[in-house]
Amino acid sequence: MGNCVSRSQQPFTASCSSSAEKNLGNGILDGLPIAEPTTSFWTIPAAPVATHQSQENLPSHADVVIIGSGISGASFARTLLEHGNSLHVVMLEAQDACSGATGRNGGHIFAATYHDYEYLKKRVSEDMAKKMMRFRKAHLDEILAVAAEEGITEYTQCRAVEGVDVYFDKPTFREAQRKLQVYQRDMGEYAGSYTCYEGLSAQEKYHLSPLAVGCIATRAGAIHPYRFVTSILSRLLTDYPKEFELHTRAPCTSIDEPTSSRPFYKLTTARGVITTPHIVHLTNAYAPALLPSLKGAIYPIRETMTAQRPGRNLHASTLHGRRSFVFFDSPRKGFDYLTQLPEGEHELMFGAGFESRTDGGADGMYGVHSAAHVGGAMPIYFGAESWGAEALPTTPADEKDVGVGSWAEGRVKAIWSGLLSESADGMPWVGQVHVNVAGRKAPPASSAPSALIDPRSNTEKPKSVATAAPGEWIAAGYSGEGMVHAWLSSKAVALMLLGEDLTEVKTWLPELFSVTEERVKMAKRTFKPDVVLSGKRRVFSL
């Protein structure tokens with residue numbers, strides 16, 4: 001979760017120590033993705049594709065090189081391969097496949113809508129605000145459709161759920177109701193269905209703590225994000241054995257611009273050198289490592305996730321996996337979020353809305369404060385009576401040891417953290433990267449890959465340019481809202497790179513996401529780590 005504005009529209013303090021500034025400037029963003037010391041519950045057991053290397057050495061050249069193997073990489077590769085003209089595509093991953101934010105998030109597909117709409121309307125115009133709302137909302141149906149097309153709906157637990165915003169502060173709840181009215185009035189039929197519950201009716205319907213003052217419910221979604229991405233990557237490797245390669249443990253350490261004798265980019269990795277006319281940056285928080293001009297425009301936030309056993313009194317309606325919650329505390333304290341797994345021990349996937357640029361630092365460990373919060377919050381949100389006694393592990397002992405030791409036997413079965421990105425101006429960065437932003441020359445147009453086309457079956461097949469002009473591309477900076485921004489953003493970039501007619505894409509992709517030199521300058525002026533950030537910011541979730 002997360003975006004350019006806050007679900008609660010409340011300010012929060014984002015002060016940074018000098019050590020934190022060092023991490024932001026010369027640590028996390030300057031370095032390669034780290035081998036995370038905490039194990040994400042989603043990634044156990046590891047997918048067969050986790051450590052895949054298509055061949056012993058990198059090929060010397062590819063038509064397109066993708067950097068990153070999360071949900072953005074899966075969307076881009078799927079679109080490119082299924083629309084392209086037999087392009088040779090190589091995906092590089094610094095660690096294991098889907099080991100970054102996608103494999104470490106909450107599986108929460110819950111777009112912020114009424115929370116953000118009014119502010120965006122004032123900031124970017126009513127029409128653009130509506131477009132941004134429609135873009136976010138479109139992701140649930142898009143991901144449901146993709147899972148169905150891939151035949152992985154059940155395996156990935158991809159499902160529509162009832163999304164419930166729970167409020168524990170009356171003024172915040174009243175303000176949310178007011179914003180909902182504005183949103184519904186302006187969006188009309190595109191707003192979707194929302195239902196408000198107050199006081200006792202909210203507590204009884206959702207079996208919440210007596211402290212809950214109200215709820216706003218609508219349609220949302222949930223998914224096993226790691227299975228979703230790794231399933232798609234595995235299928236692409238099978239269906240496109242000649243066109244698609246995945247190389248894990250192959251961090252890209254540098255990019256050299258074209259030269260007169262080498263009309264391509266040269267990427268140096270831990271497993272060799274590869275040249276290409278197209279580089280696609282899909283590393284989210286790590287994008288500035290290879291695009292230094294984006295430092296300050298995109299920067300990292302480390303947050304904490306857990307898998308928790310439900311209390312013994314927790315109602316069956318909470319445990320069937322068809323609900324998703326966002327819990328709002330009093331002003332200035334942000335929110336937490338929860339989905340429930342529909343199988344196994346029905347683990348509650350609970351994430352903290354406490355953001356931290358410093359907790360854990362560059363070593364990747366979660367912060368003690370965030371960990372303590374998520375470890376103890378659940379019985380408070382549901383109430384002692386609705387929660388009941390703590391559950392005992394039900395997983396057989398021979399199934400618990402999954403290669404990293406047994407899961408913890410208490411309420412908190414697993415706890416981990418990961419890096420999400422924050423965009424300084426609150427919007428994703430989507431499209432071709434201008435050479436002045438990339439800081440490198442682009443390859444000449446003549447280096448674009450070509451394909452054989454057959455305009456008339458009885459003629460010789462001529463060669464045709466198979467892509468747009470060579471260059472660098474990006475989809476990143478989702479500000480914690482990757483599940484409602486990444487898939488369609490990356491799909492759009494793939495269509496751009498292919499030189500497709502973008503008439504239809506322009507109807508749903510917000511123009512403000514474009515990567516321009518002026519936008520970079522404005523965003524970097526916005527980034528001030530030692531001040532209280534705007535009240536229009538969300539306290540992001542992973």
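Take segment 277-296 and flag every residue that is more than 18 Å from the chain's Cα centre (by Cα) and among the β-branched types (V, I, T).
Within segment 277-296, I279 is the sole residue that qualifies.
Do you know which of the residues in segment 190-199 that are touching a residue at least 60 places away in the same chain (Cβ under 8 Å) and surrounded by fewer than 19 Cβ atoms within 10 Å (Cβ to Cβ) is nearest to L319 (Cα to Cα)? Walk me through it before giving the result.
Within segment 190-199, the subset touching a residue at least 60 places away in the same chain (Cβ under 8 Å) is 190-192, 194.
Still in the list and also surrounded by fewer than 19 Cβ atoms within 10 Å (Cβ to Cβ): 190, 192, 194.
On the way: Y190: 30, G192: 25, Y194: 22 Å.
Among those residues, the one meeting the criterion is Y194.
Take segment 122-154 and flag every residue that is acidic (D, E) and either surrounded by 20 or more Cβ atoms within 10 Å (Cβ to Cβ) or in a helix (DSSP H, G or I) (or both).
If the condition is that a residue be acidic (D, E) and either surrounded by 20 or more Cβ atoms within 10 Å (Cβ to Cβ) or in a helix (DSSP H, G or I) (or both), then E126, D127, D141, E142, E149, E150 are the ones that fit.
Output the number of the condition that E481 fails; it satisfies all remaining conditions of (1) modelled with pLDDT of 95 or more; (2) within 20 Å of the chain's Cα centre (by Cα).
Exception for E481: condition (1).
In segment 167-184, is there at least one residue being of a type in the set (G, A, S), in a loop (DSSP other than H, G, I, E, B) and over 24 Å from L341 (Cβ atoms)?
no
The rows are residues; the columns are (1) surrounded by fewer than 17 Cβ atoms within 10 Å (Cβ to Cβ); (2) over 24 Å from K137 (Cβ atoms); (3) without any contact (Cβ under 8 Å) to a residue 40 or more places away in the chain.
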| site | (1), (2), (3) |
| --- | --- |
| R185 | yes, no, yes |
| G188 | yes, no, yes |
| S201 | yes, yes, yes |
| A222 | no, no, no |
| Y240 | no, yes, no |
| F244 | no, yes, no |
| T253 | yes, yes, no |
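So, in segment 350-407, of the ones that are at pLDDT 90 or above and in contact with a strand residue (DSSP E or B) (Cβ under 7 Å, 6 or more places away or on another chain), which residue ends up surrounded by the most Cβ atoms within 10 Å (Cβ to Cβ)?
G351
Looking at V161, V166, which one is crowded, with 16+ Cβ neighbours inside 10 Å and either more than 21 Å from the chain's Cα centre (by Cα) or in the same structural domain as E343 (by TED's automatic domain parsing) (or both)?
None of the other options fit; the residue is V166.
Return the residues of segment 238-273 that are of a type in the set (S, T, Y) and more than 13 Å from R440 (Cβ to Cβ); say none if nothing qualifies. Steps first, answer last, please.
We begin by selecting, within segment 238-273, every residue of a type in the set (S, T, Y); these are 238, 240, 248, 253-254, 259-261, 265, 268-269.
Answer for segment 238-273, where residues must be of a type in the set (S, T, Y) and more than 13 Å from R440 (Cβ to Cβ): T238, Y240, T248, T253, S260, S261, T268, T269.
Residues are listed down the side, and each one gets a yes or a no for (1) over 30 Å from E385 (Cβ atoms); (2) not assigned by TED's automatic domain parsing to the domain that holds G73:
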residue	(1), (2)
T172	no, yes
Q177	no, yes
V182	yes, yes
E189	yes, yes
C196	no, yes
H207	no, yes
C215	no, yes
F228	yes, no
L233	yes, no
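From A424, A466, which residue is at pLDDT below 95, over 20 Å from the mean Cα position of the chain (by Cα) and either of a type outside the set (F, W, Y) or more than 19 Å from G73 (Cβ to Cβ) (or both)?
Details: A424 fails: over 20 Å from the mean Cα position of the chain (by Cα).
Of the residues listed, the single one that is at pLDDT below 95, over 20 Å from the mean Cα position of the chain (by Cα) and either of a type outside the set (F, W, Y) or more than 19 Å from G73 (Cβ to Cβ) (or both) is A466.
Of all residues in segment 32-73, how many are at pLDDT below 95, within 30 Å of M496 (Cα to Cα) and under 20 Å from the mean Cα position of the chain (by Cα)?
2
Name every residue in segment 147-164 that is farther than 16 Å from P225 by Cα and either among the hydrophobic types (A, V, I, L, M, F, W, C) or in contact with a helix residue (DSSP H, G or I) (Cβ under 7 Å, 6 or more places away or on another chain) (or both), in order of residue number.
V164
Here are K205, K179: which of them is among the charged types (D, E, K, R) and buried (at least 19 other Cβ atoms within 10 Å of the Cβ)? Before the answer, list the steps.
Values: K205 fails: buried (at least 19 other Cβ atoms within 10 Å of the Cβ).
Every option except K179 fails the conditions.
What's the total number of residues in segment 74-94 that are in a loop (DSSP other than H, G, I, E, B) and either at pLDDT below 95 or of a type in the set (A, V, I, L, M) (or both)?
So the answer is 5.
The values are calculated or read from the model by the stated rules, or taken from the named source; none is laboratory data. Quick caveat, the model's predicted, so the values are computed rather than measured. All Cβ positions, even for glycine, are placed from backbone atoms using ideal geometry, and neighbour counts span all protein chains on display.
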